[in-house]
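Presented below is the structure to which this report refers.
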Amino acid sequence: MEAAIGVASGLIDGVVNLLSNELVQAYVASTELGLNADKIKTSLFYAQDLLQQARQRGMAEDRPGLQGLVQQLSAKADEAEDALDELHYFMFQDQLDGTKYAVPDLGDDLRGHTRHGRHALRHAVGNCIACFSCSRMPQDNLDDGSLAVDTNNPHNATKPASASRSNAGPADKLTFHRVAMSKKIKLVIEQILPLCDRVSELLKINPPHANNTPIVSRKRPIIGSTTTQDTLYGRRDLFEQTLKDIITTSATNSSEKFSVLPIVGPGGIGKTTFTQHLYNDKRIDEHFSVRVWICISTDFDVLKISQQILSRIEGSNNANQTSLDQLQISIAQNLKSKRFLIVFDDIWECTDQSWENLLAPFMKGEAKGSMVLVTTRFPFIAKMVKSINPIPLEGLEPDEFFTFFEAFVFEGKEPEDYQHALNDVARNIAKKLKGSPLAAKTVGRLLRKDLSREHWMGVLENNEWQNQKNDDDIMPSLRISYDYLPFHLKKCFPYFALFPEDYSFRNLEITQFWIAIGVIDKDEKYMEELLDNGFLVKGNDRWGEHYVMHDLLHELSRSVSSQECLNISSSVSFRADAIPKSIRHLSITMEDRYEGTFRREMVKLRSKIDIVNLRALMIFRAYGENIDKILKETFKEIEGLRVLLVEMSSADSLPKNFSKLLHLRYLRVSSPYGLSEMSLPSALPIFYHLIFLDLQDWRSSSNLPEHISRLVNLRHFIAKNELHSNVPEVGKLEQLQELKEFHVKKETLGFEMEELGKLTHLGGELCLRNLEKVASKEEANKANLALKRSLKTLTLVWGTDQAVAGATDVVDGLQPHDNLRELAIEDHGGGVGPPCWLCHDIPFKHLESLALAGVTWGTLPPFGQLPYLKIIRLKNIAGVRIIGPDLGFIHLKEVEFDGMPDLEKWDVGPNCHSFPNLESIVCKNCPKFLALPFFSDCLVPCTKDIHYPNLSKFLVTECPQLPLPPMPYTSTLIRVLIRVEVGDSLGTMSYSGDRLVLRSYGSALAFENMGKLDSISFSGGSTIPWAELPTLTSLRQFLIEEDPGFLSMALLSNLPTSLTSLSLIDCENLTADGFNPLIAAVNLKKLAVYNTGREGPRSVAADLLSELVVASTTKLLLPAAGCFQLETLDVDCISAMLAAPVCSLFATTLHELVFSCDQRVESFTEEEEDALQLLTSLQTLFFWKCPGLPSLPEGLHSLSSLTELQVVGCPEIRSLPKGGLPASLTKLYQDSLPLGLS
């Protein structure tokens, strides 16, 4: 019922807003209607206020008569909003065309009566035309001398000389039927007022203004510290880590008397159970002298909580004290010398002041290291109370959850036929519960009643668990969170049901959706509020910040919106007969397949719900031609849409009435790849109410429909830059809040600078291109950039042709507003210096990013006037020798110099702060650059950690005179790229925190700053400090490749014991003398030693294998484990490997054997065949580039563990061994399969 009141209240609000428009108000009061708009609004306000108060006090529950009246009121308010909205639409059309069709007739002249008479005649002649004005405007002479705009003109607005017809049909304007409209508005207003009176009368029976009427509140169960669940299922690692952190923090954090650790998560996720197990753990009991558990719930009363704390402290007898001061004194005295753990379970509400008051006595303690644990559903509470980072609890992992699920269903008594009769159904049910322990308990109670497959299938298919009403069931538990939301969030939350599960919500799209359907009036930070209340989780991806809703909360949104909102999935069967008639918002999630009943039920849907007056139709994901037809037929009568999301693969993808959707506010049109010639619908320009147009995923033609600038209410245009730059006469879109690009064009009308001047609401980013076509400062001034206070990022780009007379001062006319945060200027020439607004007394003191590229000013701006600058990028600027001394700010984070042929020095001056926040330095193509600030101090140990303490990225390429310290310079660096000239080639060092790649790099390295290094790869004579290798305790992989100067494997004797993989490839002068991998790499699992091009008789691998045999047979310093642990071996000498002493070494450990580039082998000897049989653990055998090998080993079939055989680059192998292949083989691959191997 509360949801119904919310809908009615919102609809009434929409009607009131429309009646507040001066033109609409005048029309309602005109001679044709004779209504008093103020009186109507007064009645609506009164009814709305009574509804709000009734909702707050729960007066509407269990009153079916009131519920029926509220639904009638909603329906009439819906009709009134539609009628007034339609009237408003035609008023916009009048304004655009200079016509007077919808001008109110105030009866003050003969012309008004004549106009009304003419409309009455037209109405009489065409009485078969529906009041919803879907007929076309006749292209004849109009009564006021104006002509309707010819929207059939085939010439595209951005390319006047070329035809660009849309395949969605012409965009004819709609006709205004004055008489029908007047009658409809008068009738619906006359019907809505009595309903308001009746609702008001019913509500006044129980006056909402009575002060003693309590606000509705749900009581929460009180839960103690004793758990009903002896076993903690899942989260074992998190539990142990949390327990360790609690004890460690309390033992080592001597600076704090106590810490506060919140545990936060949605209802039913197991916060209390997790905390109970912590509380009752023996290690916690031994560590803390006092433990207290308090269940707070929805009543955060400091006095009552303090009484409970005192009553639970051993030896206290003043718990009934009613003086908070005395209570706190007693608590402080009892805890004075004790280390305590206090749990505040299930906090729902709390203010900063109340929390501080509650904790006051804990501050008096003398013992250090006490702990307060808080459990809550609400991230904003966790954020408020925390002193250490909260622990977010999410659903159990699938395997852990299923174990818990089974344990609860069967209580340890699993039926005999469970595995073959019920296990598959149980797993499918468990998947739906999304890891929620409380959901498992709810479903478990249902399943336990009847262990038949039929009953379980019914629970699975009907989601019966969602309908359970007991307080300890999952949906009632989550519903309490919803009930606790403020009303403005309750109105917004149900509409999440329309989106698919795991949908990534962008703040702008969902906020504009709410505005479009009339839930809110303007942009608000409601997503952040829902985040703080635990209904959303924030994330980031390559597209930016987004929000995600937990699956069970998504189910809750479907539950509370079930009478208004419906989501249908094409892959899940649904019954149209079960859908409420009241559905006003519909979404369809298209999957790769759709149920056979989908078409039939969609046909039924037309007669089940009011298709004509649907407010939202949202179709997610791609669909094919067959689905196009189903959807087009189902929604052919649709007219009342405010929101439409659709993918367009052809004109048939759009609803039949697309061009008649005059109420549309929110439109998202996407297209698949491969349809580059398809145009946008030509009807777009007639959607005058449209406020949000999303073409982000439009992948077809970038030509916009003609007259797109008629979208006078458009606020947000989400699209690629090319579409933004193609809007002609964009200045008519005065409400527009984003325009990524604007291209100045003199050859086409509508792309002059004055178009920008009218867009005072622009925010975000704006790029102006082709500025060489602007002739003067006066012309540039027409853009009014200084008035765009919401603009945050501005890019000014000149082209190559800058010969326009007087253009040198154009940039002076492009001064942005003082609020600007990021500025980029590209290719501005003329040699006249920076613009005046970047020379003296720079107005935007809070500029954070400045990028200059290709400018020929001779001097640079005074960076010292930009104290908050975080990013500076200078590229392709000649003539600049010195930067500074004023570029040395405490806030600087990123510096980039690229293509600066004359740059020699970056002078920071004597007052530089050593760049405490600098994170990135990039220097490229600066051939004369001599030094970076402070790098001359790098070799002085006492100053090393002072400079660049947060540097994480350092890139230097083609700066031959720039001296560098050993790299990485500090342990904070996680990305380093250095390219230096080495003869005719480039030496390279690439470091990414866990990986180091060296190519012909001879400069010094700082292994002491590579504590997390996992992999080293070097080649071409790179220099490595071999003696420091043991310090790399995380190193697991080491590759040396194409290094003729690497002569002795004795250098590898100091390999760290963490190493598991060693590869020596194409080191043609290498010898194995002095290397004992039994000692050097006791944990080595993979060894690769081969030369790809050697044809001579010698093999390094052969030498190494001989050394291994000698080392093992003479028992030379065997590792403590007593055996060699190698699992993968890659060598270039089959004969050396397939020797009995060698194979005996690896008999039980070797799983993978690769023979690479053996140019010598011609056959397998009997001794080699026998040796191969010793490898009893071999699973993979790989022959790679052994061109002379004529056949596979004959005894291959006897390798009973072999599962994979690959043969690549061995053209002489033309048949299988006579004995065949082992029965264990599951994978066989040969690059050019001969006939014999088929």
* May I ask you to list the residues in the range 348-365 that are free of Cβ contacts under 8 Å to residues at least 60 places away in the same chain and in contact with a Leu (Cβ under 9 Å, 6 or more places away or on another chain)? => Cys350, Asn357, Pro361, Lys364
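For the range 410-420, does any single residue satisfy the condition of being out of contact with any Ser or Thr (no Cβ under 7 Å at 6 or more places or on another chain) and within 30 Å of Phe535 (Cβ to Cβ)? Walk me through it before giving the result.
Initial filter on the range 410-420 (out of contact with any Ser or Thr (no Cβ under 7 Å at 6 or more places or on another chain)): 410-420.
Checking which are within 30 Å of Phe535 (Cβ to Cβ) leaves us with none.
Checking the range 410-420: not a single residue is out of contact with any Ser or Thr (no Cβ under 7 Å at 6 or more places or on another chain) and within 30 Å of Phe535 (Cβ to Cβ).
Would you say Phe1155 is in the same structural domain as Ser1058 (by TED's automatic domain parsing) and under 45 Å from the mean Cα position of the chain (by Cα)? First the steps, then the outcome.
Numbers: in the same structural domain as Ser1058 (by TED's automatic domain parsing): yes; under 45 Å from the mean Cα position of the chain (by Cα): no.
Criteria not met by Phe1155.
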* To do: Spot the failing condition for Val519; the list is (1) closer than 29 Å to Leu393 by Cβ; (2) buried (at least 17 other Cβ atoms within 10 Å of the Cβ), and only one is missed.
  => (1)
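Looking only at strands (runs of 3 or more DSSP E) that lie completely in the range 989-1069, which have at least 2 residues being touching a Cys at 6+ places or on another chain (Cβ under 9 Å)? So that I can check it myself, show each step before the final result.
Numbers: elements: 995-999, 1015-1019, 1037-1041, 1061-1065.
Result: 1037-1041.
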* Subset of the range 382-408 [over 19 Å from Lys271 (Cβ atoms) and of a type in the set (Val, Ile, Thr)] -> Thr403
* Asked: For the range 695-753, what are the residues that are without any contact (Cβ under 8 Å) to a residue 24 or more places away in the chain and either outside any loop (DSSP other than H, G, I, E, B) or assigned by TED's automatic domain parsing to the domain that holds Leu96 (or both)?
  -> Glu722, His724
* **Verdict on Val643 being among the β-branched types (Val, Ile, Thr) and in contact (Cβ under 8 Å) with a residue 60 or more places away in the chain** => yes
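So is Leu714 of a type outside the set (Val, Ile, Thr), in contact with an Asp or Glu (Cβ under 9 Å, 6 or more places away or on another chain) and at pLDDT 95 or above or not?
Details: of a type outside the set (Val, Ile, Thr): yes; in contact with an Asp or Glu (Cβ under 9 Å, 6 or more places away or on another chain): no; at pLDDT 95 or above: yes.
No.
Residues are listed down the side, and each one gets a yes or a no for (1) touching a Lys or Arg at 6+ places or on another chain (Cβ under 9 Å); (2) surrounded by fewer than 16 Cβ atoms within 10 Å (Cβ to Cβ); (3) within 30 Å of Tyr482 (Cβ to Cβ):
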position: Phe288; (1), (2), (3): yes, no, no
position: Cys295; (1), (2), (3): yes, no, yes
position: Ser330; (1), (2), (3): no, no, no
position: Arg339; (1), (2), (3): yes, no, no
position: Ile347; (1), (2), (3): yes, no, yes
position: Lys364; (1), (2), (3): yes, yes, no
position: Val374; (1), (2), (3): yes, no, yes
* Asked: Given the conditions (1) under 29 Å from Gln71 (Cα atoms); (2) small (Gly, Ala, Ser); (3) buried (at least 18 other Cβ atoms within 10 Å of the Cβ), and given that Ala576 satisfies all but one, which numbered condition is not satisfied?
  -> (3)
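Yes/no per residue for (1) closer than 29 Å to Asp532 by Cβ; (2) touching a residue at least 40 places away in the same chain (Cβ under 8 Å); (3) in contact with a helix residue (DSSP H, G or I) (Cβ under 7 Å, 6 or more places away or on another chain):
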residue	(1), (2), (3)
Leu324	yes, no, yes
Gln333	no, no, no
Ser337	no, no, no
Asp346	yes, yes, yes
Lys368	no, yes, no
Thr376	yes, yes, yes
Asn389	yes, no, no
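Report those strands (runs of 3 or more DSSP E) wholly inside the range 871-928 carrying at least 2 residues which are at pLDDT 90 or above, in contact with an Asp or Glu (Cβ under 6 Å, 6 or more places away or on another chain) and more than 16 Å from Pro861 (Cα to Cα).
Values: elements: 871-875, 894-898, 920-924.
In the range 871-928, the matching strands (runs of 3 or more DSSP E) lie at 920-924.
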* To do: Taking the options Glu772, Glu754, Glu734, name whichever one is in contact with a Gly (Cβ under 7 Å, 6 or more places away or on another chain) and surrounded by fewer than 17 Cβ atoms within 10 Å (Cβ to Cβ).
  => Glu754
* Under the condition of being out of contact with any Phe, Trp or Tyr (no Cβ under 8 Å at 6 or more places or on another chain) and of a type in the set (A, V, I, L, M), which residue from the range 601-613 is nearest to Glu639 (Cα to Cα)? -> Val612
* What pairs come up if the first residue lies in the range 472-492 and is in contact (Cβ under 8 Å) with a residue 40 or more places away in the chain, the second is among the acidic types (Asp, Glu) and surrounded by 17 or more Cβ atoms within 10 Å (Cβ to Cβ), and their beta carbons are under 7 Å apart, counting only those six or more places apart or on different chains? -> Leu489/Glu529
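Given the criterion in contact with a helix residue (DSSP H, G or I) (Cβ under 8 Å, 6 or more places away or on another chain), buried (at least 16 other Cβ atoms within 10 Å of the Cβ) and modelled with pLDDT of 90 or more, identify the matching residue among Leu1192, Leu1174, Leu1216.
So the residue among Leu1192, Leu1174, Leu1216 that is in contact with a helix residue (DSSP H, G or I) (Cβ under 8 Å, 6 or more places away or on another chain), buried (at least 16 other Cβ atoms within 10 Å of the Cβ) and modelled with pLDDT of 90 or more is Leu1174.
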* Structure fact -> Subset of the range 442-456, residues outside any loop (DSSP other than H, G, I, E, B) and farther than 15 Å from Pro266 by Cβ, comes to Val443, Gly444, Arg445, Leu446, Leu447, Arg448, Arg453, Glu454, His455, Trp456
* Asked: Quick one: what pairs do we get from the range 419-434, first residue under 19 Å from Glu555 (Cα atoms), second of a type outside the set (A, V, I, L, M, F, W, C) and assigned to a helix (DSSP H, G or I), C-beta under 7 Å, 6+ apart or different chains?
  -> Lys434/Asp551
* Filter the range 593-612 for residues that are modelled with pLDDT of 85 or more and not in a helix (DSSP H, G or I) and give the result. => Ile609, Asp610, Ile611, Val612
* To do: Report whether or not Val797 is at pLDDT below 95, crowded, with 17+ Cβ neighbours inside 10 Å and of a type in the set (A, V, I, L, M).
  => no
* Structure fact -> Note on Thr298: of the conditions (1) at pLDDT below 90; (2) farther than 22 Å from Ile474 by Cβ, unmet is (2)
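Which is surrounded by fewer than 21 Cβ atoms within 10 Å (Cβ to Cβ), modelled with pLDDT of 90 or more, within 26 Å of Cys959 (Cβ to Cβ) and under 37 Å from the mean Cα position of the chain (by Cα), of Arg1036, Arg995, Arg999? First the steps, then the outcome.
Details: Arg1036 fails: within 26 Å of Cys959 (Cβ to Cβ); Arg999 fails: under 37 Å from the mean Cα position of the chain (by Cα).
Being surrounded by fewer than 21 Cβ atoms within 10 Å (Cβ to Cβ), modelled with pLDDT of 90 or more, within 26 Å of Cys959 (Cβ to Cβ) and under 37 Å from the mean Cα position of the chain (by Cα) holds for just one of Arg1036, Arg995, Arg999, which is Arg995.
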* **Residue under evaluation Ser311, criteria (1) at pLDDT below 90; (2) crowded, with 16+ Cβ neighbours inside 10 Å; (3) in a helix (DSSP H, G or I), criterion not met** => (2)
* Asked: Given (1) among the hydrophobic types (A, V, I, L, M, F, W, C); (2) within 31 Å of the chain's Cα centre (by Cα); (3) at pLDDT 90 or above, where does Ala360 come up short, assuming only one miss?
  -> (2)
* Asked: Checking Glu411 against (1) under 18 Å from Pro266 (Cα atoms); (2) more than 36 Å from the chain's Cα centre (by Cα); (3) among the charged types (D, E, K, R), which single condition isn't satisfied?
  -> (1)
* To do: List every residue pair whose Cβ atoms sit under 9 Å apart, with the two residues 6 or more apart in sequence or on different chains, where the first one lies in the range 396-409 and is free of Cβ contacts under 8 Å to residues at least 12 places away in the same chain and the second, anywhere, is buried (at least 19 other Cβ atoms within 10 Å of the Cβ).
  => Asp399/Gly234
* Exactly one of (1) of a type in the set (Ser, Thr, Tyr); (2) farther than 26 Å from Ile480 by Cβ; (3) crowded, with 21+ Cβ neighbours inside 10 Å is unmet by Ser569. Its number? -> (3)
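The values are calculated or read from the model by the stated rules, or taken from the named source; none is laboratory data. These figures come from a predicted structure and were not determined experimentally. A quick note on method: Cβ atoms are made from the backbone with ideal geometry, for glycine too, and the neighbour counts reach across all protein chains shown.
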